[in-house]
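S.K.: A single structure is presented below for examination.
The values are calculated or read from the model by the stated rules, or taken from the named source; none is laboratory data. Source: prediction; values computed, not measured. Here the Cβ positions follow ideal geometry from the backbone for every residue, glycine too, while neighbour counts run over all protein chains shown. Please note that ligands, DNA and RNA were not included when accessible areas were found on the heavy atoms of the full protein model with its side chains. Shrake-Rupley method; radii C 1.70, N 1.55, O 1.52, S 1.80 Å.
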Amino acid sequence: MAIKTIITEPNKILRQKSRPVETVGEEERKLMDDMLDTMYQANGIGLAAIQIGIAKRIIVMDISKDEKKKNPMYFVNPKIKNKHSENFTYEEGCLSVPNYFAEIDRPKKCEVEYLDYNGQKQMLIAEGLLSTCIQHELDHLEGILFIDYLSKLKKTMIIKKLSKHKDRPDRIIV
Ligand code: ZN
């Protein structure tokens, strides 16, 4: 297992649409292990493969917020089948948009169809935080970030601030 670098906004990789996984094999399981390690290390509750630069429709999550009782969840090729009409508001953050939070409305309940860690087809009815988190991560697979739901002015301001504070590892000072 390995910790990977999480890509932060602005970066056009985050805007890519991820492609479906054909089979869940060793390579995909290793990727999921690395993603989970990376997510725990960054204190996140969800991570999409594109956030570490891999455009595959893979998500890992753990909303248990409990060090002792970890509850990792793996979603390959997730698809939302039914969205509840009632909304739920949650203050969202994102490992790719560090230090910014905003209240976002999303359907309170949804049904998700996906392949698990072993490539088995599964169905899950998600509610509350789990529903919010799955929808947030699924957006990543489409190249959408939560800041896209904010006003243009607010979004521009956040991106501007993020670019200002961005580390520039590619910069060489001699
Ligand atoms: Zn995110």
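S.K.: Among 46, 53, which is the only one that is within 16 Å of the ligand (Cβ to nearest atom) and either more than 16 Å from the chain's Cα centre (by Cα) or at positive phi (or both)?
M.R.: 53
S.K.: Any residue at all in segment 58-80 that's in contact with a helix residue (DSSP H, G or I) (Cβ under 6 Å, 6 or more places away or on another chain), closer than 26 Å to residue 165 by Cα and modelled with pLDDT of 95 or more?
M.R.: No, segment 58-80 contains no residue that is in contact with a helix residue (DSSP H, G or I) (Cβ under 6 Å, 6 or more places away or on another chain), closer than 26 Å to residue 165 by Cα and modelled with pLDDT of 95 or more.
S.K.: Looking only at segment 28-43, count every residue that is under 20 Å from residue 15 (Cα atoms) and either at pLDDT below 95 or among the acidic types (Asp, Glu) (or both) and tell me the total.
M.R.: 0
S.K.: Which of the residues spanning segment 1-35 are assigned to a helix (DSSP H, G or I) and either within 16 Å of the ligand (Cβ to nearest atom) or of a type in the set (D, E, K, R) (or both)?
M.R.: 12, 13, 14, 15, 26, 27, 28, 29, 30, 33, 34, 35
S.K.: Another question, then. Take the residues in segment 1-35 that are of a type in the set (A, V, I, L, M, F, W, C) and open to solvent by 50 Å² or more (accessible area, probe 1.4 Å); name whichever of them is farthest from residue 138 (Cα to Cα). Before you say what the answer is, go through the steps one by one.
M.R.: Pass one, segment 1-35, residues of a type in the set (A, V, I, L, M, F, W, C): 1-3, 6-7, 13-14, 21, 24, 31-32, 35.
Remaining after also requiring open to solvent by 50 Å² or more (accessible area, probe 1.4 Å): 1, 3, 13.
Details: 1: 24, 3: 22, 13: 15 Å.
The qualifying residue farthest from residue 138 (Cα to Cα) is 1.
S.K.: Still on this structure: Could you check segment 57-112 and list, in sequence order, the residues that are basic (Lys, Arg) and either within 16 Å of the ligand (Cβ to nearest atom) or at positive phi (or both)?
M.R.: Quick first cut of segment 57-112, residues basic (Lys, Arg) only: 57, 65, 68-70, 79, 81, 83, 106, 108-109.
Of everything in segment 57-112, those that are basic (Lys, Arg) and either within 16 Å of the ligand (Cβ to nearest atom) or at positive phi (or both) turn out to be 57, 65, 106.
S.K.: Can I ask one more? From the list 103, 111, which one is out of contact with any helix residue (DSSP H, G or I) (no Cβ under 6 Å at 6 or more places or on another chain) and within 21 Å of residue 82 (Cβ to Cβ)?
M.R.: 111
S.K.: Here's a follow-up. Could you run through segment 127-141 and say how many residues are among the acidic types (Asp, Glu), under 13 Å from residue 60 (Cβ atoms) and away from the ligand (no atom under 11 Å from the Cβ)? Walk me through it before giving the result.
M.R.: If we filter segment 127-141 for residues that are among the acidic types (Asp, Glu), which is where we start, we get 127, 137, 139.
Filter once more, keeping what is under 13 Å from residue 60 (Cβ atoms): 137.
Keeping just the survivors that are away from the ligand (no atom under 11 Å from the Cβ) gives none.
Result for segment 127-141: 0.
S.K.: If I ask for residues that are among the charged types (D, E, K, R), within 16 Å of the ligand (Cβ to nearest atom) and in contact (Cβ under 8 Å) with a residue 12 or more places away in the chain, which ones from segment 142-168 would you list?
M.R.: 142
S.K.: For segment 149-162, which residues satisfy the criterion of being part of a helix (DSSP H, G or I) and farther than 13 Å from residue 96 by Cα?
M.R.: 149, 152, 153, 154, 155, 156, 157, 160, 161
S.K.: If you don't mind, there's one more thing I want to ask. Quick one: which strands (runs of 3 or more DSSP E) sit completely within segment 36-146 and have at least 3 residues that are open to solvent by 20 Å² or more (accessible area, probe 1.4 Å)?
M.R.: On the way: elements: 46-48, 58-61, 73-83, 87-94, 97-107, 109-115, 121-127.
Hits in segment 36-146: 73-83, 87-94, 97-107, 109-115, 121-127.
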